[in-house]
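Heads up, the thing below is written out as structure tokens.
The values are calculated or read from the model by the stated rules, or taken from the named source; none is laboratory data. Remember, predicted model here, so these are calculated numbers, not experimental data. Note that we place each Cβ from the backbone using ideal geometry, even for glycine, and neighbour counts take in every protein chain shown.
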Amino acid sequence: MLEVQQVSSFYGPIQALRDVSLEVDAGEAVGVLGPNGAGKSTLLRSISGLVKPRRGHIRYQGHEISHYPPHTIVKLGIVHVPEGRRIFTQMTVLENLLLGAYTVEDRREVADHLDLVFSLFPDLAEKKGQMGGELSGGQQQMLAIGRALMGRPSLLLLDEPSLGLSPIMVEQLGNAITTIRHDVGASVLLVEQNAGLALELTSRIYVMQTGKVTLSRPTDEISPEELRHAYLGHAAARRGP
């Protein structure tokens with residue numbers, strides 16, 4: 001479904017990604033782990049068209065998309081939920097959600113998408129007339145994901161969705177992501193620093209450090225020691241905490 005091949009991306013003269021490759025199959029959830037500054041967010045921004053790779057290829061359903069503008073990539077079915085939620089705080093919950101359906105022309109289809117979002121996140125149905133800024137942090141994250149689902153994506157890019165959430169909200173988030181995969185049928189590329197959550201929700205894991213992939217493995221084959229080495233490097237892992 002998605003193939004990232006030897007992608008290098010830059011911010012001016014600063015190289016943020018170094019020959020990164022990964023794949024996401026249809027219906028699959030794939031996790032990307034790594035410390036701050038590893039290039040995880042840049043990877044998602046490169047896929048969604050917000051950063052143009054200088055080298056390499058990004059293919060989606062067999063088509064090269066690495067130089068498509070973001071709105072074209074959204075229309076293809078890739079929707080990016082960035083870190084920090086970025087909802088419109090001075091708009092209502094319902095208005096935020098309807099903005100996510102700007103590519104959907106059929107009103108009945110929009111209504112169906114709303115029903116789906118409200119079934120996934122009942123709190124949003126109860127607060128649909130409230131301003132986004134009045135929601136709790138967890139509810140704002142649900143709103144950001146719900147807004148993304150209004151376009152019925154086939155691939156959902158989630159950037160640090162558990163950041164700043166309580167354990168209860170993290171559990172609810174995990175349940176929602178599982179439902180999105182199995183009931184909605186969307187593939188998920190999940191960027192996280194919460195390794196436990198990523199390991200629980202995904203079938204494969206990529207670990208990044210300083211713009212490179214340092215480990216790629218099926219989730220059930222990764223040991224804690226491998227994760228430690230991939231995050232910290234062999235020398236740091238030998239020194240211990």
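What the table shows:
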{"item": "Residues satisfying the stated conditions in region 110-139, i.e. under 24 Å from ILE73 (Cβ atoms) and either of a type in the set (Ser, Thr, Tyr) or touching a residue at least 24 places away in the same chain (Cβ under 8 Å) (or both)", "result": "VAL110, HIS113, LEU114, LEU116, VAL117, LEU120"}
{"item": "Residue count for region 62-96, restricted to those that are farther than 25 Å from GLY129 by Cβ and not basic (Lys, Arg)", "result": "19"}
{"item": "Any hit, region 61-84, residues being surrounded by 15 or more Cβ atoms within 10 Å (Cβ to Cβ), part of a strand (DSSP E or B), at pLDDT 95 or above and over 18 Å from the mean Cα position of the chain (by Cα)", "result": "no"}
{"item": "Every residue from region 152-192 that is at positive phi and either within 13 Å of the chain's Cα centre (by Cα) or crowded, with 18+ Cβ neighbours inside 10 Å (or both)", "result": "ARG152, GLU160"}
{"item": "The lone exception for ILE87 - which of (1) outside the structural domain of SER203 (by TED's automatic domain parsing); (2) without any contact (Cβ under 8 Å) to a residue 12 or more places away in the chain it fails", "result": "(2)"}
{"item": "Members of region 32-42 found to be outside any loop (DSSP other than H, G, I, E, B) and in contact with a Lys or Arg (Cβ under 7 Å, 6 or more places away or on another chain), listed by number", "result": "VAL32"}
{"item": "All positions within region 111-124 that are buried (at least 16 other Cβ atoms within 10 Å of the Cβ) and among the hydrophobic types (A, V, I, L, M, F, W, C)", "result": "LEU114, LEU116, VAL117, PHE118, LEU120, PHE121, LEU124"}
{"item": "Enumeration of residues in region 105-151 that are outside any helix (DSSP H, G or I) and of a type in the set (Phe, Trp, Tyr)", "result": "PHE121"}
{"item": "Number of the condition not met by HIS57 [criteria: (1) surrounded by 15 or more Cβ atoms within 10 Å (Cβ to Cβ); (2) modelled with pLDDT of 95 or more]", "result": "(1)"}
{"item": "Residues that are at pLDDT 90 or above, more than 19 Å from LEU2 (Cβ to Cβ) and not in a strand (DSSP E or B), drawn from region 185-210", "result": "LEU197, LEU199, GLU200, THR210"}
{"item": "Residue that is surrounded by the fewest Cβ atoms within 10 Å (Cβ to Cβ), among those in region 193-227 that are hydroxyl-bearing (Ser, Thr, Tyr) and out of contact with any Ser or Thr (no Cβ under 8 Å at 6 or more places or on another chain)", "result": "SER223"}
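Listed here are the residues, each with its yes/no results for (1) at pLDDT below 95; (2) over 15 Å from SER66 (Cβ atoms); (3) in contact with a strand residue (DSSP E or B) (Cβ under 7 Å, 6 or more places away or on another chain); (4) buried (at least 16 other Cβ atoms within 10 Å of the Cβ).
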site: MET1; (1), (2), (3), (4): yes, yes, yes, yes
site: SER9; (1), (2), (3), (4): no, no, no, yes
site: ARG18; (1), (2), (3), (4): no, yes, yes, yes
site: LEU22; (1), (2), (3), (4): no, no, yes, yes
site: ALA26; (1), (2), (3), (4): yes, yes, yes, no
site: VAL30; (1), (2), (3), (4): no, yes, yes, yes
site: GLY34; (1), (2), (3), (4): yes, yes, yes, yes
site: THR42; (1), (2), (3), (4): no, no, no, yes
